[in-house]
Amino acid sequence: MKFLILIAKNLRRNLLRTVLTALGTMMLVLVVTLVWSVLWFLDMATARKSENFKAIVTEKWSVPSRLPFSYAATLREGAARGPGDIKPLDWMTWQFYIASTDPSPLKITMDNMAFVVAIHPEKALTMLEGMDSLTPEQWAEMERIVAKAKTNQQGIVMGRTQLARLGKQVGDRINLYGLSNFKGIDFEFEIIGVFPPGRYDGLAAMHVDYFNAQMDAYAANHNGRKHPLAERNLNLVWLKVADEASFNRIAAQIESAPYYKNPPVKVETLSSGIGTFMESFRDLLWGLRWVLSPACLVTLSLVIATAISISVRERQLEFAVLKVLGFQPWQIMLLVVGEALALGIGAGLATSIGLYALVNWGLEGIRFPIGFFETFFIPKTAVLVGTAIGALTALAGSVLPAWSARSVKVADVFAKVA
């Protein structure tokens with residue numbers, strides 16, 4: 001205990017230097033923890049689960065995937081054809097729609113564009129990723145929204161980022177006009193709810209029946225001519241399976257089925273599909289993981305090493321006196337390392353706890369769009385990571401200064417004083 005008190009007194013001796021070193025440590029721990037949190041989330045999203053994981057069915061040779069909606073009837077059954085075949089635990093179809101709130105093509109901007117998926121409302125609770133981590137209040141709100149969406153086909157649910165960008169709120173009505181391949185497919189919606197904060201902040205969802213009805217109505221308004229995407233408007237199908245063995249069996253059933261010849265389909269795990277999609281961000285993620293993070297750690301070690309080295313040089317007489325009083329070299333070394341560790345651990349712990357509270361509770365996530373992920377949260381384990389970063393970099397930065405303090409020669413120091 002006396003040793004710890006001595007460490008605390010030494011840190012208070014030059015309070016300005018201690019505060020500046022702590023602030024530098026906190027800033028670098030902040031950056032590394034943020035980067036780690038983003039990479040951790042992406043690693044979790046692309047990690048293959050051992051049970052209750054999802055298969056994704058897409059067009060085999062084309063990107064973006066465009067399948068006939070008629071495929072959905074058999075795909076959601078896992079293409080089961082015989083008594084020995086198995087079926088998925090659950091399923092979900094996805095139909096993508098890109099639109100603008102302004103009908104004029106000359107006035108299209110990022111602020112009036114919307115990305116919408118057409119789904120079966122009841123599948124939002126059972127198939128969307130992240131719904132199992134909602135709070136009881138968020139789950140109850142989603143149940144209310146889903147119930148309303150099932151009875152109101154013109155209802156649309158939007159993410160917070162999209163609502164803010166469009167300048168809308170729940171209860172407003174909104175018209176969307178199809179862009180690009182969806183030219184001529186227009187909708188009138190009532191905004192009936194908002195997705196919980198997180199990965200769906202930039203997404204909107206509509207009723208699958210309303211989407212297909214508007215596709216069918218296109219022909220009536222164009223002299224019987226069908227929309228170019230009328231026969232190919234299903235983008236992908238999610239299937240929930242119990243385990244890897246079930247996934248392999250269902251994948252074999254689908255790929256050997258005679259129903260999917262034009263176009264053919266492929267089956268992969270959801271994590272594999274996300275990983276393939278994230279390939280376009282490979283260089284960015286590589287830079288975050290192997291350039292930015294190590295650079296921050298090295299810089300943090302140098303900051304601590306510089307501060308401790310200055311302190312050691314100023315305190316050579318003190319270390320000489322301690323040796324005269326009977327302190328062993330290892331005790332002096334431990335004293336210097338202890339000061340650095342106290343500073344690093346304290347700054348790391350304070351930073352990670354503050355970051356967790358600010359991002360998760362204050363900001364409700366940090367906006368850092370990568371692919372289709374809009375918002376990232378700080379996991380609880382980041383508190384341990386931030387503390388460990390502060391401790392390890394402090395230890396790395398204090399070893400050489402501590403060895404220098406340990407090696408102080410009493411005779412040389414007192415000779416200079418004399």
Next item on the list: Under a cut-off of 15 Å between alpha-carbon atoms, report the aspartates and glutamates in cross-link reach of Lys380, not counting same-chain residues fewer than 8 places apart.
Entry: Glu364
Next item on the list: Answer with one residue from Thr58, Ser70, Gly198: the one whose Cα lies farthest towards the positive end of the charge dipole of the chain, charges on Cβ with Lys, Arg +1 and Asp, Glu -1.
Entry: Gly198
Next item on the list: Among DSSP beta bridges whose residues both lie in the range 62-263, state the antiparallel percentage, nearest 5.
Entry: 75 percent
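Using per-residue counts of other Cβ atoms within 10 Å, averaged over each peptide, order 100-112, 195-207, 54-66 from highest down. Walk me through the intermediate numbers first.
Working: 100-112: 12.2, 195-207: 22.7, 54-66: 17.9.
The most tightly packed comes first, giving 195-207, 54-66, 100-112.
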Item checked: Selection from Val29, Gly184, Val241, by position along the positive dipole direction of the chain (Cβ) -> Val29
Next item on the list: Starting from one equal scatterer on each C-alpha and no solvent at all, send me the Debye-based log10 I(q)/I(0) for the range 1-132 at q = 0.18, 0.21 Å⁻¹, two decimals.
Entry: -1.23, -1.30
Next item on the list: Treat every Asp and Glu Cβ in the chain as -1 and every Lys and Arg Cβ as +1, leave all other atoms uncharged, and give the resulting dipole magnitude about the Cα centre to the nearest 20 debye.
Entry: 1300 debye
Checklist line | Estimated dipole of the range 115-253 in Debye, rounded to 20 [Cβ of Lys and Arg +1, of Asp and Glu -1, Cα centre] | finding: 400 debye
Note to self: Given the C-alpha atoms of the chain, compute the convex hull and give its volume per residue in Å³.
What the structure shows: 195 Å³
Next item on the list: Relative to the compact-globule scaling 2.2 N^0.38 Å, provide the ratio for the alpha-carbon radius of gyration of the range 62-263.
Entry: 1.09
Check: Want the number for Ala164 to Asp209: 0.36 nm per residue separation, take away the alpha-carbon distance, what's left?
Finding: 13.5 nm
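Cα convex hull of the range 150-250: how many Å³ per residue?
Values: hull volume 15.3 nm³, N = 101.
Cα-based convex hull of the range 150-250, divided per residue, equals 152 Å³.
Expected output is a single nm value to one decimal: the length gained when fully extending between Val321 and His222, i.e. 0.36 nm times separation in residues minus the C-alpha distance. What is it? Don't jump to the answer; show the numbers that get you there.
On the way: separation 99, 0.36 × 99 = 35.64 nm, distance 9.61 nm.
Working it through step by step, the gained length comes to 26.0 nm.
Could you compute the FRET efficiency for Leu106 and Leu400, with r as their C-beta to C-beta distance and R0 at 60 Å, rounded to 0.05? Walk me through the intermediate numbers first.
Details: r = 64 Å, r/R0 = 1.07.
For Leu106 and Leu400, the calculated efficiency is 0.40.
What's the ranking of 298-309, 215-226 by average number of surrounding C-beta atoms within 10 Å, highest first? The partial results should precede the final answer.
Working: 298-309: 20.0, 215-226: 11.8.
Order by mean packing, descending: 298-309, 215-226.
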Note to self: How much length would be gained if the chain were fully extended between Trp361 and Arg313, taking 0.36 nm per residue of separation minus their Cα-Cα distance, in nm to one decimal?
What the structure shows: 12.9 nm
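Laboratory data are not the source of any read-out in this text; all were calculated from the coordinates shown. Just so it is clear, the structure is predicted and the values come from calculations on it, not from any experiment. Every residue, glycine among them, receives a Cβ derived from its backbone with ideal geometry; neighbour counts consider all protein chains shown.
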